[in-house]
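Just below is one structure, and these are the notes that go with it.
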């Protein structure tokens, strides 16, 4: 589907206004909604292209700036050692509850958006994969796609380095799609085993994929990009969300 020109909206949250980037089909009608969470670098070119990819398959996609408390609206961190250091620093400077309140602001927006059916899913990569997993605890999130979710097995998201995302996975009611790269040093085999075991013990409804790929293999910049596996991953995500969220009533 042809998508509309990208727009932004500033959503009110507990920790201030949050610039949120919107991607949606151009054709009139209502479509299922997706919250797409970025990596630690915020809304970069690759993240925008991922959002456009999903919007082109018939979803209203909202991409929040995860570090809105700390950076001016529109800030994009570079894929450099300096950008990585800044993003990783902010990841653990932010209050854990503010990640959750940001999610609630996105849910409220999509629920009330005139071009959205109100059926909502979550998707994310790296930090965003963890945030999508955490968002799935909300009853409003019918499905979540978590691509190489970092810090989930270490319980080290947010200020204090003591998140409860994995230990509260029994609260997830919707379906999960978990995607990992076996050569990802941020989520070693022991970490993947811990996540799998927790979901299995909690008897959650989840699908699990491990590819021979590095961290950030979906990112279409840099030498870790794997276009074949990225395409497979997008197809898995589209199938998940079409099946769980429906097609909407587009005309």
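Readers should treat all values here as calculations from the given coordinates under stated rules, not as data from a laboratory. Note that the structure is a prediction, hence the values are computed from the model and not measured. Glycine also receives a Cβ, built like all others from the backbone with ideal geometry; neighbour counts cover every protein chain displayed.
Treating r as the C-beta distance of residue 27 and residue 231 and R0 as 22 Å, the FRET efficiency rounds to 0.35. Considering only 206, 217, 241, the Gaussian network model of the chain with Cα springs below 10 Å gives its largest mean-square fluctuation to 206.
Mind jotting down the distance between the C-alpha centroids of segment 141-179 and segment 184-198, whole Å? Cα centroid of segment 184-198 versus Cα centroid of segment 141-179: 12 Å apart.
DSSP beta bridges confined to segment 7-245 are antiparallel in about 30 percent of cases.
With a ≥ b ≥ c taken as the square roots of the eigenvalues of the C-alpha gyration tensor of segment 151-251, please select rounded if a/c is under 1.5 and otherwise prolate if a/b is larger than b/c or oblate if it is not? Oblate.
Ordered by the count of other Cβ atoms within 10 Å of each Cβ, fewest first, 199, 96 give 96, 199.
Each of 102, 247, 184 was scored by other Cβ atoms within 10 Å of its Cβ. Arranged with the fewest first, they read 247, 184, 102. Working from Cα pairs under 8 Å separated by at least six residues, relative contact order for the chain is 19 percent. Quick note on the chain: its Rg to Rh ratio, both from C-alpha atoms and Rh being the Kirkwood radius, is 0.93.
Counting every pair of alpha carbons in segment 1-84, the share spaced more than 18 Å apart comes to 42 percent.
Only DSSP H runs of four or more residues enter the estimate; each adds -39500 (n - 2.57), and after division by the residues of the chain the mean residue ellipticity at 222 nm equals -10000 deg cm²/dmol. Neighbour counting of Cβ atoms within 10 Å sorts the residues 169, 146, fewest neighbours leading, into 169, 146. Across segment 1-138, the relative contact order, built from alpha-carbon pairs under 8 Å that are at least six residues apart, equals 32 percent.
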